[in-house]
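J.: Handing you a structure now.
The numbers here are math on the coordinates, done by the rules we state, and not lab data. Note that the coordinates shown come from a computational prediction; the quantities given were computed from them, not determined experimentally. Heads up, the Cβs are rebuilt from the backbone with ideal geometry, glycines too, and the neighbour counts pull from every protein chain shown.
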Amino acid sequence: MTQHHPDVEIAAGNPWYLADQFCSQLGTRGRRRVIEDRWRVFDAMLHDWRERHGHARVLTVLDAGCGDGINLVGLRGAAAHQDLLINLFGLDYNPLRLARARRAAPQVRLQQGSLYSLPFAGDRFDVVLCNHVIEHVPDATRALAELSRVLRPGGLLILGVPNEGCLMGRARNRFVQPRIGRTTDHVHFFTAPSLTDALRGAGFCVQRLERETFFFPCSYVNACCNEFGVGHWLMSGLRRLLPSQAGGLIAASEKTANG
Ligand SMILES: C[S@@+](CC[C@H](N)C(=O)[O-])C[C@H]1O[C@@H](n2cnc3c(N)ncnc32)[C@H](O)[C@@H]1O
């Protein structure tokens, strides 16, 4: 499987490379709710890791595949909440997204580059966030090896992916909304077991796996439910009842000394 080239996809008008992520992810109350829940998970994972590692107050952090910069904003919120100083870096291979990230987070050091060869020295970062990226990357093993290389031993990797390999995800992509299945640029459809296997295979020690929202097999119903407090509550209840059918997975892992 070859890697897509963002310039070619942008020129071809591929919406996956163009769509404004601030609008698609934070544009309504319901969407914002989902992202704010996610930020709370990042915050908690960072907090737990700091507790295990002597409450370091200055951290060098990379958002790998930062897109339009939504999580750069979230990470700054987590830093403020924990009274942390973070030296924040962002990387993406799509120049259009980087330009938006530059506007959203002008104080962050942003670089264009690929997950296959990160333009950073080994052991450079205390924390790496990679959210909803590796499902796009054909050679995920190589990308995970690169994320591990730039993380210092004992460093924290927060890896988020859609739980698209679950029954509900497959039902959506095959039967309910086959157009999504045909047009998505996702090349991996993770589940909790396949995600933890991939992380362990890359030498990470998985500390915690969180599940977010519920994978209702129709994106319209999903979006509508999250718009209303009661719908969002229902989705959380369904996730607790059927954790394997959560909408997303977030793993907190540490790079082992020999990782
Ligand atoms: C779905 S977006 C997620 C963006 C952001 N992490 C978030 O959670 O909002 C996926 C991002 O991964 C980037 N990406 C995909 N493959 C990449 C690669 N091989 N190297 C660097 N960035 C990549 C895309 O350009 C896109 O910005």
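J.: Compute the length gained on full extension between I180 and C224: take 0.36 nm times their separation in residues and subtract their Cα-Cα distance, giving the result in nm to one decimal.
T.: Difference between extended and current length: 14.1 nm.
J.: When DSSP beta bridges are limited to those with both residues in the chain, what percentage is antiparallel, rounded to the nearest 5?
T.: On the way: 17 of 37 bridges.
The antiparallel fraction comes to roughly 45 percent.
J.: Still on this structure, I have one more. Could you give the distance between the Cα centres of region 1-37 and region 185-259, to the whole Å?
T.: 19
J.: When each pair of different Cα atoms in region 80-175 is counted once in the 1/r mean, what is the Kirkwood radius in angstroms, to one decimal?
T.: It works out to 15.1 Å.
J.: Which cross-chain or sequence-distant (5 or more) residues have an amide H under 5 Å from the amide H of N163, H modelled 1.01 Å from N in plane?
T.: The answer is G248, L249.
J.: Can you list residues whose amide H is under 5 Å from G155's amide H, if they're 5+ apart or on another chain and H is modeled 1.01 Å from N?
T.: K255
J.: Which peptide among 143-154, 215-226 comes first, and what is the full order, when sorted by highest mean count of other Cβ atoms within 10 Å? Walk me through the numbers on the way to the answer.
T.: Numbers: 143-154: 20.1, 215-226: 17.3.
The densest-packed peptide leads the list: 143-154, 215-226.
J.: At 7 Å along the Cα-to-beta-carbon direction for both R40 and H53, put a label point, then send me their distance in nm to one decimal.
T.: With each label placed 7 Å out from Cα toward Cβ, I get 2.5 nm.
J.: Remind me, relative contact order of the chain in percent, using alpha carbon pairs under 8 angstrom and six or more residues apart?
T.: Over the chain, the number comes to 19 percent.
J.: Running Debye on the chain with equal point scatterers at the Cα sites and no solvent, what base-10 log of I(q)/I(0) appears at q = 0.08, 0.13, 0.16 Å⁻¹?
T.: -0.29, -0.83, -1.33
J.: Counting only helical runs of four or more DSSP H residues, what would the 222 nm mean residue ellipticity of the chain come to if each run contributes -39,500 (n - 2.57) and the total is spread over all its residues?
T.: Result for the chain: -13000 deg cm²/dmol, rounded to the nearest 500.
J.: Beyond 25 Å, what share of the Cα-Cα pairs of region 126-259 is found? Please give it as a whole percent.
T.: 30
J.: What is the sum of charges around F120, taking Lys and Arg as +1, Asp and Glu as -1, for the other residues whose C-beta is under 12 Å from the C-beta of F120?
T.: +2
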